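The values are calculated or read from the model by the stated rules, or taken from the named source; none is laboratory data. Note that this is a predicted model, so its numbers are computed, not measured. Quick reminder, even Gly has a Cβ in these numbers, built from the backbone with ideal geometry, and neighbours come from all protein chains shown.
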Amino acid sequence: MIFYHDIHSDKRYTDMSTPIELFKKHIKIIRESGYEIVSEITKTHGQIEICFDDAFLGLYDNIEFIKEQNIPIHLFVITSFLEKENHINTKQLIELNKLQQIIISSHTHQHKILNTISKIELVDELQKSKNNLENLLNKTVDSICFPEGKFNKIVISIAKKIGYNKLYSSLPGFYHNEFTVGVKKRSLVQFANEKEFKAILQGGDHVLSFWYKRKHIK
């Protein structure tokens, strides 16, 4: 599983955005390497899930490429940012939700760092986001991505109690090699050149897992 923050052609909405031409190269490499891009990984080998965090506006601007190439995207939304500058708004999110290529999940309500806040704030961040998205999209939302990839045992426990079955981290690793039950690993690829990207697909960034654990889990 791999993730980005945004893509851009003309206008760039965040410093974390990937040039559309680089993104196109990544898609080409994935497919030429024999991987299937899927909305949900169901096999131990041969499938890639592509995630986008934060719901910046560039993905919406370039949605025609996503549709033309039939690229499934898992979009994690910060619900309080929906009307914020440089981010997808409510109307656009509803539009994206109607596309077969797009799955929408939670990236919390205000993007607070979950392992640094009180239990009351934590419940509010997770529950409010879930409720808002479910009411807006009229569907069950059972996946969440941790802001900055940071979490701990309390975050995992409360998230599961609220109804999040899949918890997406920023720990590099293969999808089925979970950190703990329900906590998925993902590789950040937004600035990877062609050589780096090919290596990451083969697990080349997994050596960084120990460093990520020290940085993200407290």
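When you scan the range 153-203, how many residues do you find that are β-branched (Val, Ile, Thr), at pLDDT below 95 and in a helix (DSSP H, G or I)?
Number of matching residues: 1.
Mind listing whichever residues of the range 58-116 are among the β-branched types (Val, Ile, Thr) and in a loop (DSSP other than H, G, I, E, B)?
Scanning the range 58-116 gives Ile71, Ile78, Ile88, Thr108, Ile113.
Here is a yes/no grid of residues against (1) of a type in the set (S, T, N, Q); (2) over 27 Å from Thr90 (Cβ atoms):
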residue: Gln110; (1), (2): yes, no
residue: Leu126; (1), (2): no, no
residue: Pro147; (1), (2): no, no
residue: Ile154; (1), (2): no, yes
residue: Tyr164; (1), (2): no, no
residue: Pro172; (1), (2): no, yes
residue: Tyr175; (1), (2): no, yes
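For Ile144, which of the numbered conditions (1) out of contact with any strand residue (DSSP E or B) (no Cβ under 6 Å at 6 or more places or on another chain); (2) touching a residue at least 24 places away in the same chain (Cβ under 8 Å) fails to hold?
Just one mismatch for Ile144, condition (1).
Hey, can you tell me all the residues within the range 67-123 that are in contact (Cβ under 8 Å) with a residue 40 or more places away in the chain and small (Gly, Ala, Ser)?
The answer is Ser105, Ser106.
Hey, any hits in the range 17-24 for a residue that's surrounded by fewer than 21 Cβ atoms within 10 Å (Cβ to Cβ) and among the aromatic types (Phe, Trp, Tyr)?
Within the range 17-24, not a single residue is surrounded by fewer than 21 Cβ atoms within 10 Å (Cβ to Cβ) and among the aromatic types (Phe, Trp, Tyr).
For the range 48-66, enumerate the residues that are under 16 Å from the mean Cα position of the chain (by Cα) and free of Cβ contacts under 8 Å to residues at least 60 places away in the same chain.
Ile50, Phe52, Asp54, Ala55, Phe56, Leu57, Gly58, Leu59, Tyr60, Ile66
When the residues of the range 142-152 are filtered to those that are surrounded by fewer than 21 Cβ atoms within 10 Å (Cβ to Cβ) and assigned to a loop (DSSP other than H, G, I, E, B), which remaining residue is modelled with the highest pLDDT?
Here the answer is Asp142.
Can you tell me which residues in the range 162-173 are over 19 Å from Ile104 (Cβ atoms) and either of a type in the set (Val, Ile, Thr) or without any contact (Cβ under 8 Å) to a residue 40 or more places away in the chain (or both)?
Gly173
Suppose we keep only residues that are in contact (Cβ under 8 Å) with a residue 60 or more places away in the chain and farther than 19 Å from Leu96 by Cα within the range 23-46. Which one would you say is nearest to the chain's Cα centre (by Cα)?
Once the filter is applied, the top-ranked residue is Ile41.
Looking at Leu126, Leu82, Leu99, which one is surrounded by fewer than 16 Cβ atoms within 10 Å (Cβ to Cβ) and within 18 Å of the chain's Cα centre (by Cα)?
Residue meeting the stated conditions: Leu99.
Of everything in the range 58-74, what is of a type in the set (A, V, I, L, M, F, W, C) and in contact with a Lys or Arg (Cβ under 8 Å, 6 or more places away or on another chain)? Give them in sequence order.
Matches in the range 58-74: Phe65 only.
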